[in-house]
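First comes the structure, then the notes that go with it.
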Amino acid sequence: MKIVRNISVFLAVILFGASCSSNSSDTSQPPTTSEASTSIPQGEPENTEEETDPPPPDDDLRDSNYIFDQDQLHTFELVLPQAALDELNADPMAEEYVEGELVFEGETIGPVGIRYKGSVGAWVGCVGEGAIFADGGAKACTKLSMKVKINWDDPDAEFFGLRKLQFHSQNLDQTLMHERLGYWLFREMGVPAPRSVHARLVVNGEFVGLFALTEQIDGRFTRHNFEDGTGNLYKEVWPIDSNGEPTSRDELFYGLKTNEDDEDLSMSQIESFGSEVSAATDEELQEIMRKWMDIEEVISYSVVDRSIRNDDGAFHWYCDFEGADFDAGCNNHNFYWYANPSTEKMHLIPWDLDNSFENILFDANPVTPVPDKWGEITDDCKSFSYGMWGLSQRSAACDKIMGSWVMFTNEYERIYNEFMNGPFAQEQVESLLNTWEEQISPVVREAQETHDDALSFQAWQGALDRFRQSLAYARGQEVSEDLLKSSGRFNDIEIPEQNPDNRNYPNPAINFTEIELFINPEPIPGQPWSGTISGTGLTPSVPSAIFGCPGSSTPDFALCDMSNMLAIVFADQNGNLQSEEFSVPMIPAAGGCFLVGNSGPDRQQDTGDEQGGFICTDN
């Protein structure tokens, strides 16, 4: 490896982990003492019956509860013509269905529609050249989220009572637990939320990996969770806009996900809700909210959401964020509303929890952090910049609907205590995590042994350890100072000025400090790489970021993708740096370099004490 030192670096653009995506009775009980069964074939035997879970004992169990049984880890296989798979892989972001079949426990279901799915966060580093804001290109990662449409050619076709299956890649969640635990906590607190389990996925006989199988929110979901599930379901439309005015009928219809084709369609319930809230005085809001919402349920939603820092959910009001496809003004996303026609109550449903839990210890995500505590208002309800990327947001309590929830002080305090002493209690969550960890461990190992770009078992174990400590911190328990300085802390990195082409260039006029870098194993051009970078001579406790500079074995700052940080690590008290294991899908045939840098002891850019260096492939 060629090591090039004496490179001044100012940095702060961070790995974009935000998912700006769109997409109550539960008979399953949380696992306690019994071991969870796992259906994992050794290899890929030709006889599919040999690799399946035991069938349910009778037809009465052939409903969705079997698919989302927390005690099972099912294997699903997708079978489709190679030409169709090539079509999907050529442009996953097109999200266009091709025809194939689903094989489950020896039974073939088909034809079904199959496609990749996702939004900004789902494609990070996994399409085209791996750019963070890729707008298309071929598949570059083994795992991408997938959707299976059971009613592909028959609108009434169902699979265990389901019409769609969603396999979420969890590529940005090294714990592999965010969705499953997050939705479980919501449901345990009486909030209507999707069921989520892990699943093993095979495509055309080849093992792909471990996915989160998360329930589709649709008409089947509403019928499963409400006595009257025939009402209107809306996706990511709020009853009032950011100015407090009722949302237009056209916008409400755009978000409608059920009953769209009804000739006698009525949206009067959500329209009246929005109109009454818009016209209400502060003194009237509580009574109006009691009329239109189940207060126990929505305060439970709020308690869980804020406790697990679901900062890319309904409580984050992004302002003028073009990358999230938001229009002018401030908007939230990743939620559904259900209008129950029998009770005339409105129900808020959480969605897309892959970025939840991230910001519990510190603002680890550059996009999603919500700085306000429950009920707090920043800058008198004007938009303000926050987070590593300085994106604009507005305090949630400035919205009249969310602001009214803050008024239910006694309810919030009581439900918070019930949550902390119930579903979120340490012994309860530890029991779940231990059971699920044991259940999926063989598949995590299988993925590591099968795919070069898979999450390593060691990295997963490390992420789970930090995850458990972050949950302890959320309960108010103390954690070590070392944890607060562990990989993933982005608070102290300065955001640099950027030139029009979004490249960050060093200032040749300033002085810099020399560092020495090492890489293990040595990357080979034209091959995937997974390993670690270490270094000496760095300032203790200052975060250093690692970026990729593909295309040349000669250091060239202009080649560095500063929009996609590969890793971040703190030097120890002796100035030695040791990254955790991270991966890149492919080292270019032309070679490439890694850039490691920090803003120096004063944590300020362009002040003369920056540290940085390149480490490159050999020619």
Using all Cα-Cα distances in segment 154-194, what percent lands in each 10 angstrom bin from 0 up to the longest?
23, 35, 34, 8
Per residue accessible area of segment 238-342, 1.4 Å probe, in Å²
44 Å²
At a probe size of 1.4 Å, how large is the accessible area of Trp292, to the nearest 10 Å²?
20 Å²
For segment 246-402 the translational diffusion coefficient, Stokes-Einstein from a Kirkwood Rh over Cα pairs at 10 °C and viscosity 1.306 mPa s, in µm²/s, is roughly 94 µm²/s
Of Glu87, Glu297, Glu101, ordered by accessible area with the largest first and a 1.4 Å probe, the sequence is Glu87, Glu101, Glu297
Backbone HN-Hα couplings from phi across segment 244-260 [Karplus 6.51/-1.76/1.60, Hz, Gly and Pro as x]:
x, 8, x, 5, 5, 4, 4, 5, 4, 5, 4, x, 5, 10, 9, 6, 4
Cut-off under 5 Å, modelled amide H: who pairs with Gly592 long-range
Gly551, Ser552, Ser553, Thr617
Say each of Ala558 and Asp262 gets a label point 7 Å from the Cα, pointing the same way as Cα to Cβ; how far apart are those two points in nm?
6.0 nm
Roll a 1.4 Å probe over the protein chains and send me the accessible area per residue for segment 81-193 in Å².
35 Å²
If ligands, DNA and RNA are left out, what is the accessible area of His224 with a 1.4 Å probe, given in Å² to the nearest 10?
40 Å²
Here the FRET efficiency for Glu107 versus Arg223, based on Cβ atoms and R0 = 35 Å and rounded to 0.05, is 0.90
Go through Ala314, Pro350, Ile295 and say which Cα lies farthest out towards the positive end of the charge dipole of segment 287-411; charges sit on Cβ, +1 for Lys and Arg, -1 for Asp and Glu.
Ile295
Kirkwood-Stokes translational diffusion coefficient of segment 177-305, alpha-carbon pairs, 20 °C, 1.002 mPa s, µm²/s
125 µm²/s
Of Lys235/Lys400; Lys257/Lys373; Lys164/Lys257; Lys117/Lys235, which pairs sit farther than 22 Å apart, going by alpha carbon to alpha carbon?
Lys257/Lys373
One finds, for Asp86 and Ala589 with R0 = 25 angstrom and r their Cβ-Cβ distance, a FRET efficiency to the nearest 0.05 of 0.70
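The values are calculated or read from the model by the stated rules, or taken from the named source; none is laboratory data. Note that the structure is a prediction, hence the values are computed from the model and not measured. Cβ coordinates were reconstructed from backbone atoms using ideal geometry, including for glycine residues, and neighbour counts include every protein chain displayed. Side chains are part of the model used for accessible areas, which takes the heavy atoms of the whole protein and leaves out ligands, DNA and RNA. Shrake-Rupley method; radii C 1.70, N 1.55, O 1.52, S 1.80 Å.
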